[in-house]
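Asker: I am attaching a structure below and will ask some questions about it afterwards.
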Amino acid sequence: YAPDTPLITGMRILDFLFPLAKGGAAGIPGPFGSGKTVTQQSLAKYSDAQIVVYIGCGERGNEMTEVLDEFPHLIDPNTGKPLMNRTVMIANTSNMPVAAREASVYTGITIAEYFRDMGYDVALMADSTSRWAEAMREISSRLEEMPGEEGYPAYLSSRIAEFYERAGRVETLNGEDGSITVIGAVSPPGGDISEPVSQGTLRIVKVFWGLDAGLARQRHFPAINWLNSYSLYPQSLDQWFRDNIAQDFPEVRIELSGLLQIESELQEIVQLVGYDALPEPEKGILDTARSIREDYLQQSAFDEVDTYTSIQKQHKMLFTILDF
């Protein structure tokens, strides 16, 4: 099937500006401390997938412990049972052997395919694919293979592509609809996304949620930069949004993006001449954009009301801001 149904995450910036389709693939590159793990854990908790496969690939052991501690206490709104009942965890912490780390990603995607073939919508979180690539590099050097860019094996990008290509929506043998949505975190050294793993990921995924250390320092979470992130799914999802939420949903998204774009251009002028020197219409744009940033795009993962926003409420919130 072509992916034409969105994965509803409850995170406003993702659902509204950069939606991900069920059966799609997304990359979350970002420097340390910018919120990759918290974003993925929020997706695991609140996205409308029926099964979650969480691969902790070469990450800190305490993050895995956090998931193990937290998920049994969280109640799944669809079933009323603990969230852990629909979660598969593959714990492969940074002190485990590299061969196991390379295998963990394949183990996770194979388990996801098993549930997909039973007709479930599966969300797979790989945290982080950079550690997987590092394990590949280490094994490759032990096998004395010819190194490619930055010491990674020459087949790095084809392996990354093979992994993400296993996402998709299928019709199962008994006629049901199953999907795997893959969300891979990338931890580029120094936050530089021009390195091979980030580039190999960006070439294959259709959604890029770019985390920004500057936003994280300003305590703006989720620290997803709205100017350099993108999603290539809106064209195929717009009809679903029109039918299920509101007829003007895609137009509001375009208006919102336009306002944020103009705001970033005006900020440069503000730094030169100051806010008070601007004409009134420009002041209005800056005030609206600030409201969009602070009241809409900023969202606390630890506040029990703010952590999840239904798609209908998202539309009403934005409509109120733009109306104002």
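The values are calculated or read from the model by the stated rules, or taken from the named source; none is laboratory data. Because the structure is a prediction, the values reported are computed rather than measured. Heads up, the Cβs are rebuilt from the backbone with ideal geometry, glycines too, and the neighbour counts pull from every protein chain shown. Please note that ligands, DNA and RNA were not included when accessible areas were found on the heavy atoms of the full protein model with its side chains. Shrake-Rupley method; radii C 1.70, N 1.55, O 1.52, S 1.80 Å.
Asker: Looking only at helices (runs of 4 or more DSSP H) that fall completely inside the range 188-295, which ones have 1 or more residues that are in contact with a helix residue (DSSP H, G or I) (Cβ under 7 Å, 6 or more places away or on another chain) and crowded, with 19+ Cβ neighbours inside 10 Å?
Answerer: 196-204, 234-244, 249-273, 280-291
Asker: Right, next: Which residue out of W226, W132, W209 is under 26 Å from V38 (Cβ atoms) and in contact with an Asp or Glu (Cβ under 7 Å, 6 or more places away or on another chain)?
Answerer: The match here is W132.
Asker: May I pose another question? Of all residues being more than 18 Å from the chain's Cα centre (by Cα) and on the phi < 0 side of the Ramachandran plot in the range 51-66, which is most open to solvent (accessible area, probe 1.4 Å)? Just the residue, please.
Answerer: Per the stated criteria, the residue is R60.
Asker: Which of (1) outside any loop (DSSP other than H, G, I, E, B); (2) surrounded by 13 or more Cβ atoms within 10 Å (Cβ to Cβ) is the odd one out, the single condition D69 does not satisfy?
Answerer: (2)
Asker: Among the residues of the range 198-233, how many are closer than 29 Å to Q312 by Cβ and either without any contact (Cβ under 8 Å) to a residue 24 or more places away in the chain or within 15 Å of the chain's Cα centre (by Cα) (or both)? Break it down stepwise before answering.
Answerer: First, the residues of the range 198-233 that are closer than 29 Å to Q312 by Cβ: 205-212, 215, 219-233.
From the residues that got through so far, the ones that are either without any contact (Cβ under 8 Å) to a residue 24 or more places away in the chain or within 15 Å of the chain's Cα centre (by Cα) (or both) too are 205-212, 219, 221-226, 228-233.
So the count comes out to 21.
Asker: What number of residues in the range 30-41 are open to solvent by less than 10 Å² (accessible area, probe 1.4 Å) and farther than 19 Å from G108 by Cβ?
Answerer: The number of residues fulfilling the criteria is 2.
Asker: Just one of (1) part of a helix (DSSP H, G or I); (2) of a type outside the set (D, E, K, R); (3) more than 13 Å from the chain's Cα centre (by Cα) trips up T39, so point out which.
Answerer: Going through the list (1) part of a helix (DSSP H, G or I); (2) of a type outside the set (D, E, K, R); (3) more than 13 Å from the chain's Cα centre (by Cα), T39 breaks only (3).
Asker: Could I ask something else about it? When you look at V170, is it of a type in the set (A, V, I, L, M, F, W, C) and surrounded by 19 or more Cβ atoms within 10 Å (Cβ to Cβ), yes or no?
Answerer: no
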